[in-house]
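The values are calculated or read from the model by the stated rules, or taken from the named source; none is laboratory data. Predicted model only: the values in this text are computed from it and were never measured. With ideal geometry, Cβ positions are generated from the backbone for all residues, glycine too; neighbour counts draw on all protein chains shown. These area figures cover heavy atoms from the full protein model, side chains too; ligands, DNA and RNA do not enter into them. Shrake-Rupley method; radii C 1.70, N 1.55, O 1.52, S 1.80 Å.
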Amino acid sequence: MRKVTFGGANSLDNYFARKDDAVDWLMWCDEAAKVMADYWKTIDTMLMGRRTYEVALQHTKGKSNPFRGIKSYVFSRTLAKDKSDGVELVTEDAAGFVRKLKNQPGKDICVMGGGDFAKTLFEADLIDEVGFNIHPVLLGSGIPLFHEMNRQIDLELIDCKPFKNGCVYVMYRVKH
């Protein structure tokens with residue numbers, strides 16, 4: 001069965017971005033680049049909600065699939081049908097779709113951004129790992145990492161690496 005990982009970069013107070021989607025506070029480093037390069041080799045599928053997709057498109061100058069070489073699924077009930085290569089619009093039940101996807105052959109699956117979208121997958125017990133590059137900044141407000149859930153999710157630490165720039169990479173396994 002394929003593994004589903006939710007993660008990204010976040011502030012210490014658990015925001016993905018500022019309210020205007022700005023990520024000008026991110027601190028890039030070679031250590032984080034290495035972790036990500038290794039991670040990208042393990043996945044062939046990207047899941048994201050409409051809002052994350054629209055922000056990603058802004059950073060790729062309108063290219064239809066912001067993640068070349070990776071099959072991308074965008075979950076939305078409001079987006080018009082996207083006919084672009086490598087991107088499939090999913091309007092059906094997200095949990096049911098991801099459950100089927102996990103059982104198909106392939107590499108692992110990444111849930112990119114979208115705390116609200118991730119909430120749906122957490123509550124359906126579909127996320128297997130949670131990984132973040134925690135940045136030493138308190139934004140005070142912004143796009144939250146997690147939204148209120150209907151139950152507690154217990155985690156087990158797999159990896160923790162402090163980076164020279166003050167960031168800390170953490171990876172947890174979800175206890176199912």
Query raised in the report: How high is the relative contact order of the chain, in percent, with contacts defined as C-alpha pairs under 8 Å that are six or more residues apart?
Result: 35
Report summary line: Of the listed links 3/161; 3/119; 19/41; 19/107, those spanning more than 25 angstrom between alpha carbons are 19/41; 19/107
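Using the Cα centre as the reference, give the magnitude of the dipole from point charges on the C-beta atoms of the chain (Lys, Arg: +1; Asp, Glu: -1; all else neutral), rounded to the nearest 20 debye. Working shown, then result.
Working: 25 positive and 24 negative charges, 93 e Å.
Approximately 440 debye in magnitude.
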Requested in this report: Determine the share of the chain's accessible area contributed by carbon and sulfur atoms, expressed in whole percent, with a 1.4 angstrom probe.
Outcome: 53
Requested in this report: Hey, for a label at residue 164 modelled as a point 7 Å past Cα toward Cβ, could you say which residues of segment 18-57 have their backbone N under 18 Å away?
Outcome: 27-37
Report summary line: From DSSP H assignment alone, runs of 4+ in the chain each adding -39500 (n - 2.57), the sum over residues rounded to the nearest 500 puts [θ] at 222 nm at -6500 deg cm²/dmol
**Report entry** Interchain or long-range residues, amide H under 5 Å from residue 90's placed H
**Finding:** 74, 75, 76
Report summary line: accessible surface per residue for the chain, probe 1.4 Å, DNA/RNA/ligands not counted, whole Å² -> 55
Report task. Starting from the amide H of residue 7, placed 1.01 Å from N in the peptide plane, find each other amide H under 5 Å away whose residue is 5 or more places distant or on another chain. Result -> 111, 113, 131
Report task. For 135, 147, 176, give the ranking by accessible area with the largest first, probe 1.4 Å. Result -> 176, 147, 135
**Report entry** 15 Å beta-carbon shell around residue 151, net charge (K/R +1, D/E -1)
**Finding:** -2
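Of the peptides 22-29, 121-128, 48-55, how do they stack up when ordered by the mean number of other Cβ atoms within 10 Å, highest first? Don't skip to the answer; put the middle values down first.
Numbers: 22-29: 13.5, 121-128: 18.5, 48-55: 20.2.
Top to bottom by mean Cβ count within 10 Å: 48-55, 121-128, 22-29.
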